[in-house]
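Here's the structure, in structure tokens; my notes come after.
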Amino acid sequence: RTSEEISRSLDILAEDISSANADSEEIFNLQYDENTKYPRTVIALLEQMKDLWSERSRMHDEAFSRVRNTLKYGMTIYTREADGNLKYIRPERIVGHILDEHDDTKVTHYIVDPSAPLMQSEDSKRSTFDPARNHDQSTEKKHRVYAVEDLVVLRIGDGPYGESVLDTVFTVWKQMTLIEDAIVIYRVVHAPERRIYYIDTGNLQGPKREQAIERQRLKLMQKQVNRNNQMTSDYDPHSTSESIFIPTNSMGKGSRVETLQGGTNLGELSDLEYFTKKMAAGLRIPSSMIDTQTDQQNQFSDMRVGQVYQVEMRYMGHIKRISRIFARELNKDFIKFCEDREVEVPKTVKLVFNDPSSYAKYKEIEVQQQLLNLASATTQFPSLSKRFVLEKFMMMDEEEIIKNEEEKLREKGLDSKTIKSMPREHIDNLVYGDGSVGDKYGIKPPEGQGGFY
């Protein structure tokens, strides 16, 4: 059974991890050590190898689907082909694994049964492979043993087969589906309107009263039909949709018909919304990103409405952690790909996923905006030094402050040689003070302002 919320959640996670939603950007990037100088020829060669690896392994086109399957099943395994292609092994054909003799938490081999039937459901039962019990000739022909070093294993979570991100929300998802079914059943059963017939039985009692009600019910359920110039009555339950005529006495009392309204609270979805948000919390996704009950998802905000919220920052950290796990395994495959083609990859160079969105930039912009607002508010306190404000409230280090001072003086027409020869007190006066020493350098501060600020 499929679920729109589950499918959408997997899509969101896979897109953000694999950078599939980045516009006109490469999915993978080579990360170089800032403290190491690389020759241009080496960088150009590595970039060409990265593009070739991405093309041969089809990671550029299939990164999204491969990451999504890994999130869904907990693990996906690929064999390396001679040309660099990665061949997918279906999960139901992975029948076992072999652990390291000295470390029972490390898997050294996976056992694959190529003849295992493919199933609609991927929930096949896996068992640990025991070579001592499976040494006969037929078994050896049937199973294939793959060393982990010869495979590309994308896995998240603990255990030899990883852990699906859906495991933590399965109970919540089941409860949510039951609520959805209950809502549909309730609306189907209780939504139609019903008629209530109040039949005047006079002084009749007991069985006669019931017989009078039954006669009236059958009469209302009958339809008059003209056959051969004779009026006959046929049973027709739809006849109640026609006009009904019931006599009453002079006091206005007697039989009457009223309409019973359909079920109330048919549009109430608070219970369903509760479980939807709970499931989103279990998947570590902001509920607004998978909210299908309101129009909020149609509003483009890109995770920055006024400020970057704490829940979104945690989601960013969760995405980056998973991305690093996948990138570590893909980096091994990239290095192996280069070694097979006699290209050495420096140990300080790593293959990583590009950031899928500008979360880090948005965070930096938000922080800088808050710092600027705080620094602007300090202008109300003339006792505070402007240089101290830059250091304390703008959080600028000494190097940044000096660079800012030099750039400010250059904007006023001073050259680098003059700036380097200026004493400290003159720089402070021109940049932060009243600019009274500006005549010595042929510059004047704006009228009505102290210094260049």
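No value in this document is a laboratory result; all are computed from the given coordinates. Computed from a predicted structure; not experimentally measured. Neighbour counts are summed over all protein chains in view; Cβ atoms, including those assigned to glycine, are modelled from backbone coordinates with ideal geometry.
A few remarks follow.
- The stretch between T259 and I196 holds 22.1 nm of extra length on full extension. This uses 0.36 nm per residue minus the Cα-Cα distance.
- Qualifying aspartates and glutamates (Cα of each under 15 Å from Cα of K208; at least 8 residues distant if same chain): D200
- Residues whose amide H comes within less than 5 Å of that of F28, counting only those at least five positions distant or on another chain, are N354 (H built at 1.01 Å from N in the peptide plane).
- Additional length obtainable on full extension of the chain from R58 to N354, 0.36 nm per residue less Cα span: 104.9 nm
- Debye equation applied to the C-alpha atoms of segment 368-434, log10 I(q)/I(0) at 0.16, 0.17, 0.21 Å⁻¹: -0.59, -0.66, -0.93
- Chain lengthening between D103 and N404 when straightened (0.36 nm per residue, less Cα-Cα): 102.7 nm
- Computed E for K208/A281 - FRET, C-beta separation, R0 60 angstrom, nearest 0.05: 0.40
- Over 23 Å (Cα to Cα) - which of K350/K403; K72/K174; K320/K350; K50/K320 fall in this group: K350/K403
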